[in-house]
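Working notes, structure below.
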Amino acid sequence: MTALDLGIPAVRRAAPRDPARPADPRLIDSFGRVATDLRISLTDRCNLRCSYCMPAEGLDWMPRAEQLTDDELLRLITIAVRDLGVEELRFTGGEPLLRKGLEGIIAASAALEPRPDISLTTNGVGLARRAEALAAAGVNRLNVSMDTLQEERFASITRRDRLSDVLDGLAGARAAGLNPIKINTVLLRGVNDDEAVPLLRFAIDNGYELRFIEQMPLDAQHGWERSEMVTAGEVMQRLREGFELTPDPTERGGAPAERWLVDGGPAVVGVIASVTRPFCGACDRTRLTADGQIRSCLFARTETDLRALLRGGSTDAEIADVWRNAMWGKLAGHGIDDPGFLQPDRPMSAIGG
Ligand code: SAM
Ligand code: SF4
């Protein structure tokens, strides 16, 4: 009788190393990239329903038993930082502020050696009362997503009337000393694409750094249309109606945002042209979903199950090697422009944006 007959899940032990993969402890891929930035989705749940992310009724949330426990998650984070050369952790979701124990997870991550850089991407709802604890726990950098400064529009885009909460969250984060604070904005044609200039003015006046992100085919409803997307080029055109923009000479590295000095600086604005000017060649990311799956790319169509290894008694060394294998197989690019492009099965909210 096999383990499967007994209802015991088959456990994948460490996969044999692809003979072509060099014996490098880091997360290298076959195109010479090294992943040092780990994006961690803490939950797929959310308290907003942004139209470009999920449907009004929400999604079938991941059952709790499938989600990694804090201990499981921290074991993987430790392996990543200690054994795989990960230098940066970004906590996201879904909405990471909904994850119980968030501050504890961050504090434990901050205690690792070498100390990773820690950032958080949040919709900002409820941030005002959490900001101090998050800063004390060790958050270095914060991104707050906000697509409009108009209450009614906010309610229509996110299907929740919470703009004032987000604005309070931003102010609370600044008061808690978090710096830098970046605002992520997705412009939608005919909805908020007239707000590029007012949003940048607001960000500059309040000491936040604004970044525009091109809408990507990652919505749960599969409603993305390339022709409907507001391109980075259009964003720049809009911004130039209100500001003079010159390229920021600072090194971009693996950062996805092209940065521009606003009216000669020091204020900057970022534009993330994931679709029209992909930056896959410089990508340094590896991704972990809330249920313990490694993804080598937002758009990957395969995942590697580390939860089964964690729950099946694998050693840290075995888990590390499976993670290395997963990243070795990373594709050259996201392929959105390929005729056969297929959106990943998981939406952005379940992968971790
Ligand atoms: N709930 C948090 C938030 O909104 O910041 C974290 C998760 S959310 C998926 C992360 C980022 O992804 C947000 O800035 C959001 O605007 C962005 N996002 C979601 N769906 C997107 C899409 N289809 N294309 C581009 N960006 C998207
Ligand atoms: Fe929630 Fe973030 Fe998706 Fe909006 S973008 S629905 S805040 S996960």
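Of all stretches in the chain that contain no GluC sites (Glu not before Pro) in a DSSP loop with at most 12 other Cβ atoms within 10 Å, the longest one is 58-224.
Based on DSSP H segments of at least four residues, each scored -39500 (n - 2.57), the chain has a per-residue ellipticity at 222 nm of -7500 deg cm²/dmol. Judged by the gyration tensor of its Cα atoms, with axes a ≥ b ≥ c, segment 155-283 is rounded; a/c sits under the 1.5 cut. If the only charges are +1 at each Lys and Arg Cβ and -1 at each Asp and Glu Cβ, what is the size of the charge dipole of segment 247-353 around the Cα centre, to the nearest 20 debye? About 140 debye.
The Cα-based radius of gyration and maximum Cα-Cα distance (Dmax) for segment 59-140 are 12.9, 38 Å. With a ≥ b ≥ c the root eigenvalues of the C-alpha gyration tensor of segment 143-213, is it rounded (a/c under 1.5), prolate (a/b larger than b/c) or oblate? Oblate, because a/c is 1.5 or more while a/b does not exceed b/c. The per residue volume of the convex hull around the alpha-carbon atoms of the chain is 146 Å³.
Its Cα centre serving as origin, the chain has a Cβ charge dipole (Lys and Arg +1, Asp and Glu -1) of approximately 580 debye.
When the chain is treated as a GNM, springs tying every alpha-carbon pair under 10 Å, which of ILE181, ILE204, ILE213 comes out with the largest mean-square fluctuation? Looking only at ILE181, ILE204, ILE213, the largest GNM fluctuation is found for ILE204.
Computed over all pairs of different Cα atoms, the Kirkwood value for the hydrodynamic radius of segment 199-353 is 17.8 Å.
Of the three principal axes defined by the Cα atoms of segment 66-105, the extents in descending order read 29, 18, 18 Å. Rounded to the nearest 10 degrees, the angle from helix 70-83 to the longest Cα principal axis of the chain is 90 degrees. Positive-end ranking of ASN140, LEU199, LEU218 along the dipole of the chain, with charges on Cβ about the Cα centre, is headed by ASN140. For segment 97-151, the residue among LEU120, ALA131, ILE106 whose Cα projects farthest onto the positive side of the dipole built from Cβ charges is ILE106.
Laboratory data are not the source of any read-out in this text; all were calculated from the coordinates shown. None of the values given here were measured: they were computed from a predicted structure. Positions of Cβ are generated from backbone atoms using ideal geometry, with glycine treated the same way; all protein chains shown enter the neighbour counts.
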